[in-house]
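Take a look at the structure below.
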């Protein structure tokens with residue numbers, strides 16, 4: 001039915017440290033059938049290389065590095081295209097900071113061209129203060145993704161979107177979001193997989209990010225009920241996904 005698959009990670013392939021076995025089987029079936037796929041993740045805490053290693057070592061799922069496209073990489077693409085300057089103040093972890101640094105941006109906590117806010121498990125008031133003052137001084141405010149929560153084996157934890165909203169509340173400045181469901185990460189993902197929007201399906205567990213990424217950008221969507229969005233919510237969704245399954249074991253590949 002589809003020539004390629006865009007896949008979420010958190011809540012779709014795994015929940016926190018727990019593998020979703022049906023998801024591994026699904027990806028291995030894509031590999032067996034030689035169907036193109038690309039992991040499109042709002043996760044900015046890890047480098048793509050670390051995600052690749054985690055999938056292999058923790059979940060016994062071996063994938064090429066070229067199949068991993070993070071919101072960190074999409075953020076860098078946006079910053080380079082915006083071309084406001086090569087300085088930034090970043091709230092985030094290694095995956096985000098490394099991507100921005102490796103793209104040639106220098107850290108500037110006072111008058112940066114960009115303030116970028118992603119998930120940071122070591123967020124402090126001092127970091128929030130520096131970001132808020134820089135935005136008030138004219139820095140371009142970027143939120144890596146709008147995810148308010150992260151599904152884990154413990155439950156729903158605060159996501160990057162919660163941190164972005166914290167800074168937004170203190171500055172009263174609207175951020176530019178990069179990750180799903182925004183267009184930039186989806187457009188770049190299509191370029192990477194080498195297919196058109198009519199040829200792919202976006203697979204994910206979160207209606208507000210994964211599925212809206214499909215709906216808002218003219219891409220078919222497959223909601224899998226293994227993470228954020230629950231089965232009882234489906235009848236009341238404002239725009240239904242193209243497909244809904246309880247797990248990826250229910251998905252039928254059409255020859």
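Just for region 17-47: of the residues that are in contact with a helix residue (DSSP H, G or I) (Cβ under 6 Å, 6 or more places away or on another chain) and assigned to a loop (DSSP other than H, G, I, E, B), which one is surrounded by the fewest Cβ atoms within 10 Å (Cβ to Cβ)? The selected residue is 36. Within region 172-198, if we keep just the residues that are surrounded by fewer than 20 Cβ atoms within 10 Å (Cβ to Cβ) and in contact with a strand residue (DSSP E or B) (Cβ under 6 Å, 6 or more places away or on another chain), the residue that is farthest from residue 136 (Cα to Cα) turns out to be 195.
The requirement of being out of contact with any strand residue (DSSP E or B) (no Cβ under 6 Å at 6 or more places or on another chain) and either farther than 20 Å from residue 7 by Cα or free of Cβ contacts under 8 Å to residues at least 24 places away in the same chain (or both) is satisfied by residue 98.
Read through the list (1) under 24 Å from residue 66 (Cα atoms); (2) at pLDDT below 95; (3) under 15 Å from the mean Cα position of the chain (by Cα), then give the number of the only condition that residue 208 fails. That leaves (1) as the condition not met.
Please specify each residue of region 241-255 satisfying the condition of being in a strand (DSSP E or B), in contact with a helix residue (DSSP H, G or I) (Cβ under 8 Å, 6 or more places away or on another chain) and in contact (Cβ under 8 Å) with a residue 24 or more places away in the chain. So that I can check it myself, show each step before the final result.
Just the residues of region 241-255 that are in a strand (DSSP E or B), to begin with: 243-245.
Retained after the next criterion (residues that are in contact with a helix residue (DSSP H, G or I) (Cβ under 8 Å, 6 or more places away or on another chain)): 244.
Within region 241-255, none qualify.
Is at least one residue of region 60-67 within 24 Å of residue 129 (Cα to Cα) and more than 14 Å from the chain's Cα centre (by Cα)? No, that holds for no residue.
Considering only region 133-222, give the helices (runs of 4 or more DSSP H) lying wholly within it that have at least 3 residues that are assigned by TED's automatic domain parsing to the domain that holds residue 11. It would help to see each step written out before you state the result.
Working: elements: 160-171, 183-193, 212-216.
Correct list: 183-193, 212-216.
The values are calculated or read from the model by the stated rules, or taken from the named source; none is laboratory data. Model, not experiment: these values are computed from the prediction. When we count neighbours, we look across all protein chains shown, and the Cβ atoms used for this are built from the backbone with ideal geometry, even at glycine.
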